[in-house]
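Undergrad: Supplied in structure tokens, the structure appears directly below.
The values are calculated or read from the model by the stated rules, or taken from the named source; none is laboratory data. This is a predicted model, so every value here is computed, not measured. As a convention, Cβ positions derive from the backbone with ideal geometry for all residues, glycine included, and neighbour counts pool all protein chains shown.
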Amino acid sequence: MIRFFVCKDVMTLISNKLDEIQTTLSNMNDATIKPSFLYSYSMFESTLTEILRYYLISFPEKLDNTLTVGKDELLSSSSTHNIILSSVNKYIRKYSSKTLSEYISFFKDILSIEFCVDEGMIKDISKIRNNITHDDAYSELLFLHIDQHDLSISYLDIKDYIIYFCDLLNSIHFQIKDVYSKYTYEFLLRSVWNYTFSSPLLNFDNIWEFKQDGILQIKDIKQIKKKIYGISGSEHLLLSIFLQQYNNTLNEALHSFHDIPALVSIDSNNKEKIINIINFFKYYPLFFNGTPIR
């Protein structure tokens, strides 16, 4: 299978979320303590969720063995990928509804990473969050006409909690980078290519090379045409899909319609490859057309 996982993309997500939380902290004042805290809490939790979703789609073997797929879902899904995505969302919801401490533990276990968590701090954070979202909901209306000052929430405490969210995200950033560093754009690119082609004639490095700016470039077309002379019709079709993303006139130089087989003649294995290649280009449309890979 193709694992659509790139470590750098996860790093970018975490960095962006950290920037948002830190901006919220910088702009927080006495009047915005509650919304700033709730926003930061939400950003932290949603970052865990997004990473989990991305990871589990790439490593579905980490899903719970007890998960089931309903008949309606099975009949309405056009591909295995959609079923996996639906199963991943169900699996995450099962744990995201638990306490924050349990959700963090679930996150660590699924990604097989380790970082220190201050359970006392997490317990205090959860208590404040529940107080704001549940216990305070009616009291603000009940005492609307009474001049009162809310002394239950400390500005300095909330500041410490938000900083702790940032500390945890930094720890997660470091651990994922350390454990999953091999999952680069080039690793994904080569994995997709090797999944698709087994013929030594279509070895990745026989067809492609990287320019100095890290962008993929096809090698000498005349030499490639000689190399692919003996490949099968299915391989011509699969190769044409990749080349069409790179240059929409290149196929005219390397193939003829005579080389491309009818779909009915393609075996189930190659049909499955076509579906997975389409999914790949759905998420990475420019990998063969201008995106810096290295």
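Undergrad: Mind listing whichever residues of the range 204-234 are more than 19 Å from ASN289 (Cα to Cα) and at pLDDT 90 or above? Walk me through how you get there before you give the answer.
TA: Restricting attention to the range 204-234, the residues satisfying the condition of being more than 19 Å from ASN289 (Cα to Cα) are 222-223, 225-234.
SER234, the sole residue that qualifies.
Undergrad: Among (1) under 30 Å from LYS8 (Cα atoms); (2) surrounded by 16 or more Cβ atoms within 10 Å (Cβ to Cβ); (3) not basic (Lys, Arg), where does GLN217 come up short?
TA: So the condition that GLN217 fails would be (2).
Undergrad: Return a yes/no flag: does the range 138-147 have any residue that is surrounded by fewer than 16 Cβ atoms within 10 Å (Cβ to Cβ), in a helix (DSSP H, G or I), at pLDDT below 70 and among the aliphatic types (A, V, I, L, M). Write out each step before concluding.
TA: Just the residues of the range 138-147 that are surrounded by fewer than 16 Cβ atoms within 10 Å (Cβ to Cβ), to begin with: 138-147.
Keeping just the survivors that are in a helix (DSSP H, G or I) gives 138-142.
Pick out the ones that are also at pLDDT below 70 and you get 138-142.
This time we only want the ones that are among the aliphatic types (A, V, I, L, M), so: 141-142.
Within the range 138-147 (the criterion being surrounded by fewer than 16 Cβ atoms within 10 Å (Cβ to Cβ), in a helix (DSSP H, G or I), at pLDDT below 70 and among the aliphatic types (A, V, I, L, M)), the answer is yes, since at least one residue qualifies.
Undergrad: Further, regarding this structure: Pick out, from the range 190-294, the helices (runs of 4 or more DSSP H) lying fully within it that include 2 or more residues that are β-branched (Val, Ile, Thr) and touching a residue at least 12 places away in the same chain (Cβ under 8 Å).
TA: On the way: elements: 204-207, 221-227, 233-246, 250-254, 268-283.
Hits in the range 190-294: 221-227, 268-283.
Undergrad: Scan the range 38-56 and tell me whether some residue there is over 21 Å from ILE92 (Cβ atoms) and free of Cβ contacts under 8 Å to residues at least 12 places away in the same chain.
TA: Checked against the condition, which is being over 21 Å from ILE92 (Cβ atoms) and free of Cβ contacts under 8 Å to residues at least 12 places away in the same chain, the range 38-56 yields no hits at all.
Undergrad: Next question. With more than 22 Å from LEU286 (Cα to Cα) and surrounded by 15 or more Cβ atoms within 10 Å (Cβ to Cβ) as the only criterion, which of ASP178, ASP259 stands out?
TA: Every option except ASP259 fails the conditions.
Undergrad: Within the set of pairs 6+ apart or on separate chains, which have a first residue in the range 104-118 that is buried (at least 16 other Cβ atoms within 10 Å of the Cβ), a second that is aromatic (Phe, Trp, Tyr) and modelled with pLDDT under 95, and C-beta atoms under 6 Å apart?
TA: What qualifies is PHE106/TYR95.
Residue-wise test of (1) more than 28 Å from the chain's Cα centre (by Cα); (2) surrounded by 11 or more Cβ atoms within 10 Å (Cβ to Cβ).
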site	(1), (2)
LEU189	no, yes
THR196	no, yes
SER199	yes, yes
LYS227	yes, yes
GLY230	yes, no
SER234	yes, yes
SER240	no, yes
THR249	yes, no
VAL264	yes, no
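Undergrad: I'd like to verify a number: residues in the range 150-189 that are in a loop (DSSP other than H, G, I, E, B) and more than 30 Å from PHE242 (Cα to Cα), how many?
TA: 5
Undergrad: Could you look through the range 21-43, keep only residues that are exposed (fewer than 14 other Cβ atoms within 10 Å of the Cβ) and at pLDDT 95 or above, and pick out the one that is farthest from LEU168 (Cα to Cα)?
TA: Across the range 21-43, the extreme among qualifying residues is ASN27.
Undergrad: Then there is this: With the structure loaded, tell me whether TYR185 is in contact with a helix residue (DSSP H, G or I) (Cβ under 8 Å, 6 or more places away or on another chain), of a type in the set (Ser, Thr, Tyr) and either within 19 Å of ILE277 (Cβ to Cβ) or buried (at least 17 other Cβ atoms within 10 Å of the Cβ) (or both) or whether it fails that test. Reasoning before the result, please.
TA: Details: in contact with a helix residue (DSSP H, G or I) (Cβ under 8 Å, 6 or more places away or on another chain): yes; of a type in the set (Ser, Thr, Tyr): yes; either within 19 Å of ILE277 (Cβ to Cβ) or buried (at least 17 other Cβ atoms within 10 Å of the Cβ) (or both): yes.
Yes; evaluated as a whole, the condition is true for this residue.
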